[in-house]
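As structure tokens, the structure follows; a few thoughts come after it.
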Amino acid sequence: MALLLLAFAHAVILLDAKDLWWDESLSLQRAEESLPNLLRGVLVIKDGFSELPTIDQHPFFSFLLQRLLISTAGDSVFVLRYVSALAAALFTASVYLWARWLERRDLAPATTAWWATALAAVNPFMLWYGQEARPYALWAALALLATYLLLRTTESERLNRRWLAGFVGVEVLFVLTHYYAVFLVALHLLILALWSLRWRVRAGMIAAGVVVIAGAAVAGYALWYAISQQAGQNFPSITAHILLPDLVNAFSLGPSADLALAWSLDLLFAALALLGAGWGMRSRQALRCGGWVLPVALTLPVLFILVLGRIQPLYMNSRHLGMLVGPYTLLVGAGLAGIGQWRRWAPWPLALLLFIGIAWSTFNYHTLEQYDKDDYTRLGEIMDGRIMPGDVVLYYPPSSWRIFDYYLPMAPVYAAIENGARLGVYGMPLLNRPLDDTYAWFAELGERFDRIWVIKSRTHPYFDLKDDAERWLRENFLRVRDVELFSQSSLRIQLYLPEIPVFEAAPAQLQHPVIAEFGELIRLAGYDVHIDPAAGELPAQVRLYWQVLEKPDRRYRYIWSLVEENVAGEQRTLATVEREPYEGDIPTLYWDPGKTIMEFVEFPPAAPGEPNARRFYTLQVYDAETWEKLAVTHIEGGEIGDDGVTARFAAGAQ
């Protein structure tokens, strides 16, 4: 029970510390689909104009569990991953059950159960996938449990009906969790066939035949799907030289252990597993009692992958052979226990090395940037308050629409669009259409909208492998912002302006053609304020028109505020923006005299005001390094505040 609680805590603590990644958003989509679509594996990709139905590569069982959870507990990251955390605990319990069965039949040394269960409880592979909203942890647990139940079913001449019912139920769920389950179904078929031959039981042969037919049907569908969807293309070809080190490292120390650094310790794990396998196959009697099952369970799926890989590459990552981590862990535990049979103290220093390696891998998983998932939370924080009327948001690629919507503050945007605000949200490039159509559409967007946000992920780039759509935007529009999140992230934020915001003079149609000069250096030549009643909680669009009297040699920031003064003369700030022009994307260092630079400003919604109060805008400019405020040296259409550094303008009709 202590080890079971440890396994649960190992997975559930910090369960939502990392953001979802793109694959996990597919689980969310599956769980949110209608029940028929969930069962069929339908995933719909959209671009705002059309939809592209696709078929997911996994069966439905784990997503059905997630659907049940989110329908009652919400769709938080913790809830989405909770099925996998529970599966990690089930995996540990299954390791213990199977290890005890091995000990009772003298197929593993005494204490195997304790060593194997301790290793399972803190297994880095199960930590990685026990904290991911995908089916792999559940698949690994069901693989162990199904095989264990079949072994209990076939222990004697007569099939135990309760064990048989349990096996049939778990086997069905196992196959409905991952199609590669068919590789282990072959082992189950072999167990049934050998039991039937041993006891000359016709029913067993019939059962084996049923398993053959069902397994062949599932295997045929899985192979057809892999070929039609070009699955497994991570490697153009797969060899034992690639496959075996990857699997040994993954099942020993997990994906958060660098193979180049961990290989020596990986070999120790592998040597102990070989020792455990040797114990189970040490005699004819041991083989007859089932000592061959664990080694075959470990090797048979690998052989299938290598053989079938000559037709179609089927290996993408160790997670797709996660059903092997259970047999591997059991064999390592048996190897440690076997050494303990020679000298009682001998396994302890070896186990210490193993657990130090596991602790190192676990530390890496939780702390190293290279093992982080994309920082969608930071993406949402950056975009919060950035989208305003006149903007269009492009999700690049459209297959990332759901995860972008999950983290970005898009609810008020969609509400504003429903109310008729000048906004748009689309996917790029356009689906089912040539790129030339996308280019023509970009040109149209440039005429309809003031700014174009591109929210980009490279996790699933297959709609535009060469970034041709992005290249067109760079060549035809002005990219004023390009924010790349941390080094291991595939996320970027880009802001494009269809027109260069630099003019020879301030436009004649300005709402407020004022003048305010600061330090005889920087001038505000006017401003526009556009408040769209349909925009709801979104920022208002403010345009500030800047000029410089001489070329600056420093960077400057400003504070633009909406201030209210009541009848008693008390002032209160209702909304404010403090930043460098274009947030540093077009800093004052690069401004030239004789030009007007128009800046789009996302001005936050104002707090409720008092009746009969006077409202006005204020502007201050200060040195970005010293924070020294520049004095207002000249003003037209406004007034200078008592402090001498504040320009004030009436907030009239907007």
Any residue that is farther than 24 Å from VAL601 by Cα and either touching a helix residue (DSSP H, G or I) at 6+ places or on another chain (Cβ under 7 Å) or surrounded by 16 or more Cβ atoms within 10 Å (Cβ to Cβ) (or both) - is there at least one of those in the range 443-455?
no
If I go through the range 487-520 residue by residue, how many of them are among the polar types (S, T, N, Q) and over 30 Å from GLU369 (Cβ atoms)?
2
Taking the range 304-325, which residues are within 12 Å of PRO255 (Cβ to Cβ), crowded, with 21+ Cβ neighbours inside 10 Å and either modelled with pLDDT under 85 or not β-branched (Val, Ile, Thr) (or both)?
SER318, ARG319, GLY322
Candidates GLU570, GLU550, GLU537, GLU564 - the one that is surrounded by fewer than 19 Cβ atoms within 10 Å (Cβ to Cβ), touching a residue at least 24 places away in the same chain (Cβ under 8 Å) and under 22 Å from VAL645 (Cα atoms)
GLU550
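Among the residues of the range 106-126 satisfying the criterion of being of a type in the set (Val, Ile, Thr) and over 22 Å from SER283 (Cβ atoms), which is farthest from the chain's Cα centre (by Cα)?
Among them, the one singled out is THR117.
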Is one or more of the residues making up the range 460-471 surrounded by fewer than 17 Cβ atoms within 10 Å (Cβ to Cβ) and not assigned by TED's automatic domain parsing to the domain that holds GLY424?
no
List pairs: first residue in the range 154-165 and at negative phi, second residue among the aromatic types (Phe, Trp, Tyr) and modelled with pLDDT under 80 anywhere in the structure, Cβ distance under 6 angstrom, at least six positions apart or on different chains.
GLU157/TRP199
Within the range 411-422, is even one residue in the same structural domain as ALA141 (by TED's automatic domain parsing), at pLDDT 95 or above and in contact with a Pro (Cβ under 7 Å, 6 or more places away or on another chain)?
no
Go through the range 273-303 and count every residue that is within 43 Å of the chain's Cα centre (by Cα) and not in a loop (DSSP other than H, G, I, E, B).
21
Any residue in the range 514-529 that is of a type in the set (Val, Ile, Thr), assigned to a strand (DSSP E or B) and free of Cβ contacts under 8 Å to residues at least 60 places away in the same chain?
no
Of those in the range 607-623 that are among the aliphatic types (A, V, I, L, M) and buried (at least 18 other Cβ atoms within 10 Å of the Cβ), the residue farthest from ARG579 (Cα to Cα) is LEU619
For the range 25-38, what are the residues that are touching a residue at least 24 places away in the same chain (Cβ under 8 Å) and either buried (at least 17 other Cβ atoms within 10 Å of the Cβ) or assigned by TED's automatic domain parsing to the domain that holds MET428 (or both)?
SER25, LEU26, SER27, LEU28, GLN29, ARG30, ALA31, LEU38
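Yes or no, residue by residue, for (1) within 23 Å of the chain's Cα centre (by Cα); (2) of a type in the set (S, T, N, Q); (3) within 20 Å of THR177 (Cα to Cα):
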| position | (1), (2), (3) |
| --- | --- |
| ASP16 | yes, no, no |
| SER34 | yes, yes, yes |
| VAL44 | yes, no, no |
| GLY48 | yes, no, no |
| LEU64 | yes, no, yes |
| THR72 | yes, yes, no |
| ALA87 | yes, no, yes |
| VAL95 | no, no, yes |
| ALA99 | no, no, no |
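The values are calculated or read from the model by the stated rules, or taken from the named source; none is laboratory data. Here the structure is a predicted model, which is why all the values come from computation and not from measurement. Using ideal geometry, Cβ is built from the backbone for each residue, glycine included, and neighbour counts are taken over all protein chains shown.
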